[in-house]
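Working notes for the structure below.
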2 protein chains.
Amino acid sequence: MVITKENTIIGFIGTGLMGKSMAGHLLDAGYKLVVYNRTKEKSLELLDKGAVWVDSVLDLAKRCNLIITIIGTPKDVEEVYLGENGLMENAKQGSILVDMTTSSPKLAVKIYEEAKGKNLSALDAPVTGGDIGAKEARLTIMVGGDKETFDEILPIFGLMGKNIVYQGESGFGQHTKICNQIAMAVTLAGVCESLAYAKKSGVNPQNVIKVLETGTAGSNILKVHGHRMLTSDFAAGFYVKHLIKDLKIALVESKELGLDLEMLKHTITLYERLSERGEEYSGVQALFKLYVD
Amino acid sequence: MVITKENTIIGFIGTGLMGKSMAGHLLDAGYKLVVYNRTKEKSLELLDKGAVWVDSVLDLAKRCNLIITIIGTPKDVEEVYLGENGLMENAKQGSILVDMTTSSPKLAVKIYEEAKGKNLSALDAPVTGGDIGAKEARLTIMVGGDKETFDEILPIFGLMGKNIVYQGESGFGQHTKICNQIAMAVTLAGVCESLAYAKKSGVNPQNVIKVLETGTAGSNILKVHGHRMLTSDFAAGFYVKHLIKDLKIALVESKELGLDLEMLKHTITLYERLSERGEEYSGVQALFKLYVD
């Protein structure tokens, strides 16, 4: 099926920090959009722009033929997809289900297989790029599932992201996102320790960033979060709470693959310590507080 | 003093992987160069190009008025500078001593102060950029000490590096290098774990690098060492053994600053484990072997 504005009603579940912007781009492009969110208030902006509200996942499933979700945890994903009043039981024949939540690869495969048995298609398509990437429609989208389904949906992904990559079979989008979160979180912890050292040693830490960023120690985390750390800008582009969730998925999955990822484990420990200090809704760069407070 | 080819004889101690290329650039620019190295064989190329060999640090000190060192460990630095037949006791009045070894900030300050008392000048000026940066004369050079001495030497630094930064008082070059090594080593460990996960999960790890490098997980380590890891290219641009040395300096210094850098500590543990497997002269990217062998 070629997706057009005439033959498609998009259902969007999850209008939080990321989802709100992403769904907005679909509306702006002229697609019919039906939305559902646990907290209705977070959908009001979209309703003002012309989206239609429904009171449940079930209602949404009955009205739409392309359903996009970006919600909290794998548990939430399981409920929305596989629960009693969920998408799997209620979606219309031939619908396409796209989960953009960072979730478990195994759950993605389970959803994909159940969908197949019901004449539905499912993709896992987690994203990176944070709230700014979502706002500016330049997310990276990592996709797993059937290539044909990916090709059908590509124009829709193109409204939300810039770097859209088909990574292979079902679950491979989630696996790629896990790789991303491991590298990102460990790098961030390293940058924290480096800049904490700079600050304590007496060197001008802003000059340290300048020296480091072009060399072997350079990273996008250093560029983006380094300055935020030094200016105590701990506002959330990405919540501590969500990173912990992602890293715990990574830990479970890596263990099942027979890997012992020690740096990952220690990073989780640090973030949990930060969270216990009441920082779960701070931005991930707030990890710096563990070192300099 | 304005440094010219007529009024300056440069002494160069340490013609290893890095020093050999660095000293070569000074020769190429037309400076008179006297060299000493523990193993003479490593200086032969330079001697062929016109450098003069001396048999000891003492002999070198007597002949030169600008002395550059890039040697092994802080212990070696201490011996060469402060030992019985060392530079401090034997350098000519007014000489400038530049230590480019990655070494202890405290030792740099000690050398700086003793030099002052003897009418000598001293700078700490560690580098990053690896063997390739040294070969192509585009090292980053981080300098601590008196600004006037820095300004005098700047043309000489310019023959070896591209990004030459004065970081402040004596020891601040070494402090900056420590910041660099912490961020670099922790990032490298994170990239290892991310790509180990990719490999085990079944996703094409080369595609994972492509997806990650432009986003929040992107780093120069991922770009440079990621591909080396995946193609089992573990040749040394920078030895495991030297990184362990650097990170141990970082650990000692950070403790004295009252910092508990857990990610640094765990990175050292991983590298020691790698070294015990006989990989001390492998490149730092060989850390990947801990995960995929």
Legend entry - Whichever residue in the range A:269-293 is hydrophobic (A, V, I, L, M, F, W, C) and touching a residue at least 60 places away in the same chain (Cβ under 8 Å) and, among such residues, is nearest to A:GLY130 (Cα to Cα): A:VAL284
Legend entry - Among (1) open to solvent by 40 Å² or more (accessible area, probe 1.4 Å); (2) touching a helix residue (DSSP H, G or I) at 6+ places or on another chain (Cβ under 6 Å); (3) within 24 Å of A:SER121 (Cβ to Cβ), the one test that A:VAL54 misses: (1)
Inset, instruction - Might you check whether a residue that is closer than 16 Å to B:PHE12 by Cβ and part of a helix (DSSP H, G or I) occurs anywhere in the range B:122-134? - result: yes
Legend entry - Some residue of the range B:240-251 being farther than 19 Å from B:GLY190 by Cβ and either buried (at least 22 other Cβ atoms within 10 Å of the Cβ) or of a type in the set (Val, Ile, Thr) (or both): yes
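Taking the range A:213-249 on its own, how many of its residues are over 23 Å from the mean Cα position of the chain (by Cα) and of a type in the set (Ser, Thr, Tyr)?
If we filter the range A:213-249 for residues that are over 23 Å from the mean Cα position of the chain (by Cα), which is where we start, we get A:213-218, A:227, A:230-232.
Keeping just the survivors that are of a type in the set (Ser, Thr, Tyr) gives A:214, A:216, A:231-232.
Matching residues across the range A:213-249 total 4.
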Inset, instruction - Output the residues belonging to the range B:212-224 that are in a helix (DSSP H, G or I) and either open to solvent by less than 20 Å² (accessible area, probe 1.4 Å) or in contact with a Phe, Trp or Tyr (Cβ under 8 Å, 6 or more places away or on another chain) (or both). - result: B:LEU212, B:ILE221, B:LEU222
Legend entry - Restricting the range B:151-164 to residues that are open to solvent by 10 Å² or more (accessible area, probe 1.4 Å) and under 18 Å from B:ILE3 (Cα atoms), the residue that is nearest to the other protein chains (Cβ to nearest Cβ): B:ILE164
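Please work out which residue is farthest from B:LEU251 (Cα to Cα), limiting yourself to the range B:170-184 and to residues that are within 7 Å of chain A (Cβ to nearest Cβ) and touching a Gly at 6+ places or on another chain (Cβ under 9 Å). Before the answer, list the steps.
Kept after step one, since they are within 7 Å of chain A (Cβ to nearest Cβ), are these residues of the range B:170-184: B:172, B:175-176, B:178-180, B:182-184.
Now restrict to residues that are touching a Gly at 6+ places or on another chain (Cβ under 9 Å): B:172, B:175-176, B:180, B:182-184.
Details: B:PHE172: 16, B:HIS175: 12, B:THR176: 14, B:ASN180: 13, B:ILE182: 9, B:ALA183: 13, B:MET184: 14 Å.
It comes out as B:PHE172.
Pick from the range A:79-91 the residues that are assigned to a loop (DSSP other than H, G, I, E, B) and open to solvent by 90 Å² or more (accessible area, probe 1.4 Å): which of them is nearest to A:ARG63 (Cα to Cα)?
Per the criteria, the residue is A:ASN85.
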Inset, instruction - Please state which of the following conditions B:GLN167 fails to meet, knowing it meets all the rest: (1) at the interface with another protein chain (Cβ under 8 Å from one of its Cβ atoms); (2) open to solvent by less than 10 Å² (accessible area, probe 1.4 Å). - result: (2)
Legend entry - Considering residues of the range B:94-119 that are polar (S, T, N, Q) and open to solvent by less than 70 Å² (accessible area, probe 1.4 Å) only, the residue farthest from B:GLY171 (Cα to Cα): B:SER95
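Check the range A:23-39 and report whether any residue there is basic (Lys, Arg) and touching a Gly at 6+ places or on another chain (Cβ under 7 Å).
Applying the first criterion (basic (Lys, Arg)) to the range A:23-39 yields A:32, A:38.
Narrowing the set further to residues that are touching a Gly at 6+ places or on another chain (Cβ under 7 Å) leaves none.
The answer is no; no qualifying residue exists.
When you scan the range A:148-170, how many residues do you find that are polar (S, T, N, Q), at pLDDT 95 or above and farther than 15 Å from A:ILE96 by Cβ?
First, pick out the residues of the range A:148-170 that are polar (S, T, N, Q): A:149, A:163, A:167, A:170.
Narrowing further to those that are at pLDDT 95 or above: A:149, A:167, A:170.
Pick out the ones that are also farther than 15 Å from A:ILE96 by Cβ and you get A:167.
Adding up the residues that qualify gives 1.
Residues are listed down the side, and each one gets a yes or a no for (1) under 30 Å from A:GLU169 (Cβ atoms); (2) facing chain A (nearest Cβ under 7 Å):
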| position | (1), (2) |
| --- | --- |
| B:VAL186 | no, yes |
| B:CYS192 | yes, no |
| B:LYS199 | yes, no |
| B:THR216 | yes, yes |
| B:MET229 | yes, no |
| B:ALA235 | no, no |
| B:LEU251 | no, no |
| B:ASP260 | no, no |
| B:SER282 | no, no |
Legend entry - Subset of the range A:16-51 [out of contact with any Lys or Arg (no Cβ under 7 Å at 6 or more places or on another chain), open to solvent by 10 Å² or more (accessible area, probe 1.4 Å) and in a helix (DSSP H, G or I)]: A:HIS25, A:ASP28, A:LYS40, A:GLU41, A:LEU44, A:LEU47, A:ASP48
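The values are calculated or read from the model by the stated rules, or taken from the named source; none is laboratory data. Here the structure is a predicted model, which is why all the values come from computation and not from measurement. Backbone-built Cβ (ideal geometry, glycine too); neighbour counts: all protein chains shown. When the accessible area is computed, the model is the full protein with side chains, heavy atoms only, and any ligands, DNA or RNA have been set aside. Shrake-Rupley method; radii C 1.70, N 1.55, O 1.52, S 1.80 Å.
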